[in-house]
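What follows is calculated from the coordinates using simple rules that are stated; it is not laboratory data. What you are looking at is a predicted structure, and each value in this text was computed from that prediction instead of being measured. Here the Cβ is made from the backbone with ideal geometry for all residues, glycine too, and neighbour counts use every protein chain on show.
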Amino acid sequence: MIKISPSVLTADFLTLAKDIEKLEAAGVDMLHLDVMDGEFVPNISFGNPIIKSIKEHTKLPLDVHLMIDRPHRYIDEFAKYADYLSFHYEAGSDNEVTLKRIRDLGVKSAIVIKPCTQPEEIFGLLPLCDMVLVMSVEPGFGGQKFMPSALDKLSKLQVEIKRQNLKVLLEVDGGINAETAPLAVKAGADVLVAGNYIFSADDMVKRVSEIKSL
Ligand code: DX5
Ligand code: ZN
């Protein structure tokens, strides 16, 4: 069954505790937390103090997406509260060393590719990954339009994961809604990140069950 990881990027942080309780009751699978440094992406979001508070408030696994330059510098810090910790292939770290470090710290490792990166570039890293995240928008902001080029990448990665006989979850992030979610699932996605589509809704629970029933 498809997993849902709501992104809190566009949530109202003053009512987040209540929203998380609603999402838990709605049966989401994890929470997606976007960390942005204003360098790797042209936006600044939040850091570990917020993630710590969220961790103390929920039993949901935390899916932490680092959009920061040279992420290896902060892996030990973010591994304290993350259940899945993902960082960008393009962000200037030694990707192999960084993926291994995440696993050594007892956290599920994930690498993320931007729209400009081809899936073949990460085939060699797949044995070190518990999850791969394919961006379907340029990282940095919520509420953007889904880029269909992500679909072919998901399919290629799914084939390669099978070929290498690995267990790696495929996650897609950006512009997921009722129209794009089925396309992503058909292309091989196991985990859908959805931000704006869930948090802009009057009835978040209904939105979650809509996606879940696809
Ligand atoms: C964008 C972030 C996303 C974002 C998705 O850089 O990585 O997780 O919150 O938001 P929507 O679902 O609104 O595109
Ligand atoms: Zn994200």
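Observations on the model:
Per-residue answers, yes or no, for (1) at positive phi; (2) small (Gly, Ala, Ser); (3) buried (at least 20 other Cβ atoms within 10 Å of the Cβ):
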site	(1), (2), (3)
Lys59	no, no, no
Leu66	no, no, yes
Ala91	no, yes, yes
Leu99	no, no, yes
Ala110	no, yes, yes
Ile113	no, no, yes
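- Check on Asp130, within 13 Å of ligand 1 (Cβ to nearest atom), surrounded by 14 or more Cβ atoms within 10 Å (Cβ to Cβ) and closer than 17 Å to Leu66 by Cα: no
- Qualifying residue in segment 26-41 (condition: without any contact (Cβ under 8 Å) to a residue 24 or more places away in the chain, over 17 Å from Ala110 (Cα atoms) and surrounded by fewer than 18 Cβ atoms within 10 Å (Cβ to Cβ)): yes
- Criterion (of a type in the set (Gly, Ala, Ser) and under 19 Å from Gly174 (Cα atoms)) met by exactly one of Ser5, Ser109, Ser53: Ser5
- When the test is whether a residue is out of contact with any Asp or Glu (no Cβ under 6 Å at 6 or more places or on another chain) and either without any contact (Cβ under 8 Å) to a residue 40 or more places away in the chain or more than 22 Å from Val28 (Cβ to Cβ) (or both), Asp76 passes it.
- The number of residues in segment 12-41 that are away from ligand 2 (no atom under 13 Å from the Cβ) and over 13 Å from the mean Cα position of the chain (by Cα) comes to 20.
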